[in-house]
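Down below is the structure, laid out as structure tokens.
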Amino acid sequence: MALKLASDVKYHKLASVLDQAKELNFNEADIWLDFDNRALDLYTDNGFVAVKFDDYDELLNAIVKLGRELAFHDVIDTLNHVTDDLMFYKEHPQLEMGEEIIKNLLNEVEKARDELSKSKLKLMIKMGELPPKEIDNFINSNTEVKKAVEEATEKYRRLCWEGKTDDDIDECDEALPVVDISYYAIPEEKSIMIKVDVDKIGEVYRNVEKYDTAYDFLKAVDEYSNKVINFW
């Protein structure tokens, strides 16, 4: 067990995309990837269930379907609820908010819903971040990353100087920003993205590793997931 794909997934959401879940009896479940057994492990409020697949292509397809249902359809459902709430206020003039404000909000929600429905957004699953004790080794082992972080550090120090008086400006000369290195799985592309962010500067580097088969991709996801830490 390495990568948690989702937490507190309601039965109807899981059953809508996973046939094997339709006969199960639970209200909600945490879902983990089990690479070794070609399975999705469900830790439900009614016990543990391992949903197994015949091959890694089927397993990957299930992850994509589930992820898109949770990541995109849930957002659209939320926008629909927002529209319903705004329409309630619009149809009850005794609850004053200002008709023009409601109209503008409805337009923005409708625009967001249309953009999400028509877009070809990629599903991304954050696996976690590299432990702090390993960050320096990662930076020093990659020339491109090291250069990017050094340039970002100079920008960070310039920002520090701008906020200091002449009496304490020397503090900035040795200031070091926090560096975060995050790992993301992109199932539909069978790829893994590594992203480097520097405090107050933002993203300074990214690299995408692509894999030819579902097996190779999910194996890499499993291996990376065991190397990173997460906060959920």
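For Lys10, the lysines whose Cα falls under 19 Å of its own Cα, not counting residues fewer than eight places away in the same chain, are Lys22, Lys65. Rounded to the nearest 5, the antiparallel percentage of DSSP beta bridges internal to the chain is 95%.
Given a cut-off of 30 Å, name the pairs among Lys52/Lys133; Lys133/Lys190; Lys13/Lys133; Lys120/Lys147; Lys122/Lys146; Lys13/Lys200 whose C-alpha atoms lie farther apart than that in the structure shown. Please report the intermediate quantities before stating the final value.
Numbers: Lys52/Lys133 36 Å; Lys133/Lys190 28 Å; Lys13/Lys133 39 Å; Lys120/Lys147 33 Å; Lys122/Lys146 28 Å; Lys13/Lys200 38 Å.
Distance filter (> 30 Å) returns Lys52/Lys133; Lys13/Lys133; Lys120/Lys147; Lys13/Lys200.
Just subtract the alpha-carbon distance of Arg158 and His81 from 0.36 nm times their residue separation and send over the number in nm, one decimal. Don't skip to the end; give the middle numbers.
On the way: separation 77, 0.36 × 77 = 27.72 nm, distance 4.56 nm.
Here the segment from Arg158 to His81 would lengthen by 23.2 nm.
Across segment 152-157, rounded Karplus estimates of 3J(HN,Hα) from the backbone phi angles (6.51 cos²θ - 1.76 cosθ + 1.60, θ = phi - 60°) give 5, 5, 5, 5, 4, 5 Hz, Gly and Pro being marked x. A simple rule links phi to the HN-Hα coupling: the Karplus curve 6.51 cos²θ - 1.76 cosθ + 1.60 with θ = phi - 60°, which for segment 50-57 gives 9, 9, 9, 10, 6, 8, 6, 5 Hz, with x for Gly and Pro.
To one decimal place, what Kirkwood hydrodynamic radius in Å is obtained for the chain from all pairs of distinct Cα atoms? The partial results should precede the final answer.
Working: mean 1/r = 0.0472 Å⁻¹.
So the Kirkwood estimate lands at 21.2 Å.
Bear in mind that the values in this text are calculations on the coordinates, not laboratory data. Remember, it's a predicted structure, so these values are computed and weren't measured experimentally.
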